[in-house]
Amino acid sequence: MVDSKQVSEVATQARNAFAEIRPEPGVAKADPILHVVGVQRHFGGITAVNVDHLDVQRGSITALIGPNGAGKTTLFNVLTGFDPPDAGEWQFDGVEMNRVSAHKMATQGMVRTFQLTKSLTKLSVIENMKLGATDQIGEHWWNALVPARWNAQESLIEQRADELLTRFTIGHMRNEYAGTLSGGQRKLLEMARALMTQPRLVMLDEPMAGVNPALKQSLNEHIRGLRDEGMTVLFIEHDMDMVHDISDWVVVMSEGQIIAEGTPSQISENASVIEAYLGAHQGNTMYEETH
Amino acid sequence: MDWIRIIENTFRAFAGVDAAYFALAAIGLNVQFGYTGLLNFGQAAFMACGAYGLGLTSQYFDISFWWGIPIAMALVIILALLVGIPTLRLRADYLAIVTIAAAELVRLVVRSVKFKRIFGGSDGINTFSNEFRALNPFQPSAQYGIWPFRYNGYTMFTLLVGWSLVAVVSVLVWLLIRSPWGRVVKAIREDEDAVRSLGKNIYSYKMQSLIIGGFCGMLSGMVFALDRGSVQPDNYSRDVTFYILTALVLGGLARVMGSIVGPMMFWGLYVFSDNFLRQLVQSAPLRIGGVTIIQSTQVGAVNYMLVGLGLIILMSKRPQGVFGNRNEMALDGR
Amino acid sequence: MNAKWGIRAMVFIGGIMLVLCFAGTQVSAAENDLFVIAQVNHQTVASGISTREPVQGVKVAVLDEAGVLVGEAVTDDMGEAKISVPSRAGYTVQLDTSTLPDQLSLITGTSNSFVILADDFKTQIKRVSFFIGDVGVSTTTLVEKISQRAADGIRLGLIIALCSVGLSLVFGTTGLTNFAHGEMITFGGLMAFFLNVTLGIPLLVAAPFVVAFGGLFGLGFNWVIFARLRKRGVGLVSQMVVSVGLSIMLRNMFLFQFKGRTRPLDDFSLQKGMDIGPIKITPRDLTTGIISLVVLITVALVLQRSRTGKAVRAVSDNPNLASATGIDTQRIIQIVWCAGGALAALGGIFRGLDEQVGFQMGSGLLFLMFAGITLGGLGSAFGALVGGFMVGVLVEMASLVVPSELKNAPALLILILVLILRPQGILGKKQRVG
């Protein structure tokens, strides 16, 4: 699978960066874009997240895997400011992020998507996209009243949005309501919209969930493309094949903790991962942590 | 039955001052509820801010009535911060609960004996509009207009001011809504988390929307107060907000024309129903088989029953309004 | 429009109207003209609270602006003298002091005549009040005042707690903030009036029926409107606006039948207070207080112990999870509406005994109920009990320092402070906020 694939230069670099790293939980990376220390989140008596240490290597595709209820989405929520942690701190590109509100994180280059896609259904696809652009002059009400002030910027944004839509193969839908898109198209739209913020770190929460196999392949390509353009990708996924296929590094969570780290091939040979994964899957509930 | 009279009154109400001040308040509610999804159930309190802003100039400060505008704006901002700061981070219900409570409290405070010296108590204030009346270009007692739209000179003046404000405010709101600012607030209505993840400070946008809508309410209260020449606390009761909401939904949420046409239709229908019923029972209560169905003291209650019924049916069947596009609403279950 | 829905709605509305038809019949005899109603009350002040009792047999006259007699009448058992007047104009209302009962006179400093202006006729009826008795000589101590207020507060708190259980449970199980909940209370009060006053059934016999009707009324809300809206996937915000429409409609239906005035129930309306320590309380108030407490404890026990109660709490916690574990959510929601309506109706009877019955009696409590359930934790039944009780006590206690016309103001303050400091309320679950 992976080995036979044509690998880009950036990808090779990214993989080489991990060559020296020991495959153990919480190991330090050479050039972390995200550095997490002692983050904890409790719900009542349950510890949803308890991460002692996690580095995400810059310019890599890192997968975050684990059984249902392992705390992956909760960790995402905490790291992106959507859920306040009970303890811990984390730095994004050297900047302390604890207590920074969610919207500020996005403007600083750390953007996320959601497990259940959040297309703004009654806005058109192109409006959805344009919303993503940061630092818009016309988003201040006093400028909004004078179209001349924001028209120039608006057309630049629209141009960029159209390019991204074309790249994500939904350009033909630009004037439709987002509510009319199919599930897979919504995933694409959400990813493209996140890119409008011009992020350095893209955090994708189950980008492949509910997407048909053909589209999965093209989503894979898009994610690789992000890395090749210099972005860092951290994504949550269930599908081990897909993880194998595109990730440079894999982080495994179980019961709120990181239990293993390593390259995809190292992880697939890791006994404790297989046990945590398969063991927990037997007691799988229908109730996935979504909030 | 005097049909000519009923039709005349209906048409006059259609374009009347009541429709104009309802339209201003409805434009505000539309910004808040229709576009941003904020459920402000206390628009009456924002209207009271406008009316009492004017009233205070004569009752308390004894200064020119023009100062009423900055005073009212300050009151609106204070009220918006008071209700917005605790609730705008929470689910939509909390804003509704707090605004309805705040509106009720505002009414109690302005009509209280305790603050009578400032707000005039339950008698209200009626000494502030002389400067405004002096600006009237029409002969106050003369009749103007063509049938059925005939009004006296003073009403003509407030109509002119009221509808001009409606026009100006609508254009401003239209500009806001078609701008990137409008895009952000519409997106907040759809899904706050998505907007937050894209780097927008939704708390700030909601507050802006609340205040902008509040200013529209303020203008509405001013037009109403100037037309009546008095400020009465009981004109700003909780139900006024709900009638305006009904008028807005009648015209259609989230469309600029809806918040103008809705109030016109609301008042047209209301006055028609009121006049019709009153004429019906004018001489004797309506009886069917010896049972009194309706008598003249009950006409008001019947009218408002119909308003309530209208709101139920419109909101559950046609939130897009009478002329709205069903498809847009079908995209989700809001 | 769906025909089935139309039938449901017609059955429901028809049912309410049929029931209410009778509530107003006593007073609906020709009220086509303008009236002046003079109300004469005997006001006594004890332990810091004033009680008013109507005075019968006092002659009142109405003179026009020229001083010509327009009409005169003698007060009835309600203390009211009703005098028809020809038009909206200025009048003088005069009380004939010689017809006052022995040893009673007008309160010092008040006049026996009252001037009405044409503008005063906001509706067809203009009411003026005369008070007799001596007022102002209050000899209560601070301790007495405080304990009296506390006792009143506990009573109000119990009523609010009783009324808000349904509001909170409906919110918990369906997510709907029901702005028409106050009308359920009014419905209870008006039903009690209809059975007790119009039909003359003793209140103790009538009360269980009122509570049962209240339960059906609550069930009707769900059956006719909200179950349908949920099924169609109408959003919660829209449902909330629909409940506002329902509130307006019902309140005006009540007004239509019952008219604008407030009236007392027949039974237990005039009672002498007993002195218990520093507190003066009527046997009626003591009894309603005890009944409320017993009912509230029962509700708490049912929620805590019974199968249904546990299911209700499970649905409140997480409807999806609950239905996944085999709980029939729709049935639980029906139970909640029914129980909520019944409790609100009981609260309506008690409130009616306390403050008289009127078409706005419930909507006036709505805001206090909101403050209560927010304080207790939106969606939590125990929260509603505790929060409602606390708000009632706080509001009454606050009136020691706040003018009574503004005594609801502290409730708003509580509401705002709770939302800033602890939005989930004292008993609510911690959830993600903003």
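Structural remarks
- A cut-off under 10 angstrom between Cβ atoms defines the neighbours of A:H103, and their net charge, with Lys, Arg +1 and Asp, Glu -1, is +3.
- Using alpha carbons only: equivalent-ellipsoid semi-axes of chain A, gyration tensor based, whole Å: 32, 22, 19
- Applying a DSSP loop filter and a limit of 15 other Cβ atoms within 10 Å to the trypsin sites (Lys or Arg not before Pro) in segment B:206-284 leaves nothing.
- Paramagnetic reach from C:A300 in segment C:154-198 [backbone N under 16 Å; point 7 Å along Cα→Cβ]: C:154-155, C:157-166
- Multiplying the residue separation of C:D317 and C:D76 by 0.36 nm and subtracting their alpha-carbon distance yields 81.3 nm.
- Neighbour cut-off at most 13 other Cβ (10 Å), DSSP loop, chymotrypsin sites (Phe, Trp or Tyr not before Pro), segment B:124-162: none
- Longest DSSP-loop-exposure-free segment, trypsin sites (Lys or Arg not before Pro), chain A, at most 12 other Cβ within 10 Å: A:100-291
- Binning the alpha carbon pair distances of segment B:174-263 at 5 angstrom intervals from zero yields the distribution 3, 12, 16, 21, 19, 13, 9, 5, 2, 1, expressed in whole percent.
- Extending 7 Å from the Cα toward the beta-carbon at both A:Q13 and A:E89 defines two label points whose distance is 3.1 nm.
- Folded to 0 to 90 degrees: helix A:147-167 orientation relative to chain A principal axis, Cα: 50 degrees
- For the listed peptides C:355-364, C:416-425, C:294-303, a ranking on the average number of other beta carbons within 10 Å per residue, highest first, reads C:355-364, C:416-425, C:294-303.
- Beta bridges assigned by DSSP with both partners in the protein assembly as shown are antiparallel in approximately 70 percent of cases.
- Mean partner shielding of peptide B:242-253, defined as the number of other chain Cβ atoms within 10 Å of each residue Cβ, is 2.
- Net charge of neighbours whose Cβ lies under 11 Å from the Cβ of B:E8, counting Lys and Arg as +1 and Asp and Glu as -1: +2
- Residue-averaged beta-carbon neighbours from other chains (10 angstrom radius) around B:292-300: 5
- For segment B:203-334, convex hull volume per residue from C-alpha positions, Å³: 158 Å³
- Helices meeting the span-like rule in chain C (full DSSP H runs, Cα extent of at least 27 Å along the helix axis, mean Kyte-Doolittle score of -1.0 or higher): C:3-23, C:142-174, C:236-258, C:283-305, C:329-355.
- R0 of 51 Å, Cβ-Cβ distance B:R150-B:S204: FRET efficiency to nearest 0.05: 0.60
- Chain lengthening between A:D162 and A:E269 when straightened (0.36 nm per residue, less Cα-Cα): 34.2 nm
- Shape call, segment B:1-140: gyration tensor on alpha carbons, a/c limit 1.5: oblate
- Charged neighbours of B:A103, selected by a Cβ distance under 11 Å, balance to 0 (K, R count +1; D, E count -1).
- Legend: mean number of C-beta atoms from other chains within 10 angstrom of residue C-beta atoms, peptide C:402-408, equals 4.
- MRE, 222 nm, helices only [DSSP H, n ≥ 4, -39500 (n - 2.57), over chain B, to nearest 500]: -21000 deg cm²/dmol
- Reference-scaled alpha-carbon Rg (2.2 N^0.38 Å with N residues) for the protein assembly as shown: 1.05
- Diffusion constant of segment A:102-255 at 10 °C, which comes from Stokes-Einstein with the Kirkwood Cα-pair radius and 1.306 mPa s, µm²/s: 97 µm²/s
- Gyration tensor verdict on chain B (Cα atoms; rounded if a/c is under 1.5, prolate if a/b is larger than b/c, oblate otherwise): oblate
Since every read-out is calculated from the coordinates, none of them should be taken as a lab result. Worth saying up front: this structure is predicted, and the values here are computed from it rather than measured. Virtual Cβ from ideal backbone geometry, glycine too; neighbours counted across all protein chains shown.
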